[in-house]
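Accompanying notes for the structure given below.
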Amino acid sequence: MIMGSSTSDLVHRLAREAEAVCRQYLSNGRRVGRYWIVGDVHNAPDRSMFVRLFGPESGKGAAGRWTDGATGEHGDLLDVIRESLGLIDFRDVADEARRFLNLPRPEPDPQHRGHAAPAPTGSPEAARRLIAASHPIHGTLVESYLRHRCIDDLHDAGALRYHPRCYHRPDDGPTQIWPAMIASVTDLGGLITGAHRTWLDPSGLGKAPLETPRKAMGSLLGNAVRFGPHDDVMAVGEGIETMLSLRMVLPGMSMMAALSATHLSAILFPDTLHRLYIARDIDPAGDGAMASLTARAAAAGIEAIPLSPRLGDFNENLVAFGLNDLRALVRPQITPQDVERFLPAAPR
């Protein structure tokens with residue numbers, strides 16, 4: 001760890017409040033004697049990590065130092081704040097520590113970069129750290145947000161996570177904290193290569209009122225947010241809500257969200273794939289992505305079939321006209337064998 005004087009001061013101040021820090025950021029643990037016991041630095045409920053609550057300010061056995069017996073990882077309470085919240089930049093970690101300690105933010109000091117995160121902003125490692133600090137979506141604001149978008153069937157949605165306090169750094173202005181839907185971006189082998197953040201309004205009725213309420217990080221090209229395993233027939237499109245809406249109609253079909261038109265055109269094909277449905281967005285970028293992806297699929301011997309919404313995308317259709325209308329819209333656009341295989345009859 002690289003330590004500047006201000007960083008060292010934060011570490012010492014946090015160590016004096018070690019138990020309060022643990023109760024705030026490692027809430028799934030509990031005090032046992034002179035230690036706080038928890039599953040890991042991401043706040044998992046278990047007993048392999050212990051934090052010293054009392055001890056000298058520095059050196060062996062210092063208060064605030066922690067060790068994970070399962071992995072051998074160790075660190076201080078700034079690391080706990082960073083990892084438990086999935087923060088990326090040290091500036092955000094220090095700001096959170098100062099907020100917890102009720103300290104004012106310092107004037108910028110270019111001489112002290114301090115306690116840098118182990119991976120640069122936007123890297124796959126930073127994305128994996130954010131995802132590890134997030135929670136399953138059941139019973140969270142993510143479910144409320146998706147229900148507001150008329151999406152209530154979330155089977156095979158393990159790629160989606162919830163972060164209650166996700167940092168948003170605008171191009172100008174101060175960093176803000178909002179709840180967020182976190183989506184795992186994975187490669188064909190299932191390795192997490194990136195993450196997509198959708199910041200949410202705390203009401204659960206939409207996205208946060210930000211100029212840019214969605215941002216992706218990590219390695220995205222060729223990869224996707226995946227719903228269901230690889231199969232011989234799959235669907236792909238740009239947005240997460242678009243593909244979840246289509247999955248309301250085709251619940252047995254595995255789907256991929258590429259997150260943008262550019263990334264849609266470059267999606268990599270699983271070896272199992274023989275027919276690919278392309279859920280297009282009705283705009284020039286969507287048209288270009290569909291044309292490019294169709295050509296790539298044909299060159300790989302994969303049948304590509306476009307799926308077109310009435311409005312801008314399939315989620316707009318679902319919200320505006322309902323599930324039965326979307327089912328009627330999609331049915332004639334897929335092959336008869338896939339109607340029988342994937343499209344259940346509408347309830348009477």
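The values are calculated or read from the model by the stated rules, or taken from the named source; none is laboratory data. Owing to the predicted nature of the structure, the values given are computational and were not obtained by experimental measurement. Methodologically, a virtual Cβ is constructed for each residue, glycine included, from the backbone with ideal geometry; neighbour enumeration extends over all protein chains shown.
Residues checked against (1) over 17 Å from the mean Cα position of the chain (by Cα); (2) on the phi > 0 side of the Ramachandran plot:
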position	(1), (2)
Asn223	no, no
Met234	yes, no
Ala291	yes, no
Gly301	yes, yes
Asn315	yes, no
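Scanning region 42-99 for residues that are buried (at least 21 other Cβ atoms within 10 Å of the Cβ) and of a type in the set (S, T, N, Q) yields Asn43, Ser84.
Screening the candidates Ile278, Ile267 for the property of being of a type in the set (Val, Ile, Thr) and at pLDDT 95 or above yields one hit, Ile278. Taken as a whole, the condition of being at negative phi and part of a loop (DSSP other than H, G, I, E, B) applies to Asp171.
Leu326: assigned to a helix (DSSP H, G or I), surrounded by 15 or more Cβ atoms within 10 Å (Cβ to Cβ) and modelled with pLDDT of 95 or more, yes or no? Spelling it out, Leu326 is indeed assigned to a helix (DSSP H, G or I), surrounded by 15 or more Cβ atoms within 10 Å (Cβ to Cβ) and modelled with pLDDT of 95 or more.
Of the residues making up region 133-163, those that are buried (at least 16 other Cβ atoms within 10 Å of the Cβ), part of a strand (DSSP E or B) and without any contact (Cβ under 8 Å) to a residue 40 or more places away in the chain are Arg161, Tyr162. At least 3 residues being under 24 Å from Ala126 (Cβ atoms) is the threshold, and among the strands (runs of 3 or more DSSP E) wholly inside region 15-108 those reaching it are 66-68. Among the residues of region 22-36, the ones that are surrounded by fewer than 21 Cβ atoms within 10 Å (Cβ to Cβ) and farther than 22 Å from Pro136 by Cα come to 5 in all. Any residue in region 212-224 that is modelled with pLDDT of 95 or more and not in a loop (DSSP other than H, G, I, E, B)? Yes, the conditions are met somewhere in region 212-224. In the set Val51, Val41, only one residue is at pLDDT 85 or above and within 21 Å of Leu130 (Cβ to Cβ); that residue is Val41. A search for C-beta distances below 6 Å between a residue of region 167-180 that is closer than 14 Å to Asp92 by Cα and any residue that is of a type in the set (S, T, N, Q) and part of a loop (DSSP other than H, G, I, E, B), counting only pairs 6+ apart in sequence or on different chains, returns Tyr167/Thr175; Arg169/Thr175. Restricting the search to region 263-301, which residues are in a helix (DSSP H, G or I) and surrounded by fewer than 18 Cβ atoms within 10 Å (Cβ to Cβ)? Of everything in region 263-301, those that are in a helix (DSSP H, G or I) and surrounded by fewer than 18 Cβ atoms within 10 Å (Cβ to Cβ) turn out to be Pro284, Ala285, Asp287, Gly288, Ala291, Ser292, Ala295, Arg296, Ala298, Ala299. Looking across region 52-91 at every residue that is closer than 25 Å to Pro136 by Cα and among the β-branched types (Val, Ile, Thr), the one that is farthest from the chain's Cα centre (by Cα) is identified as Thr71.
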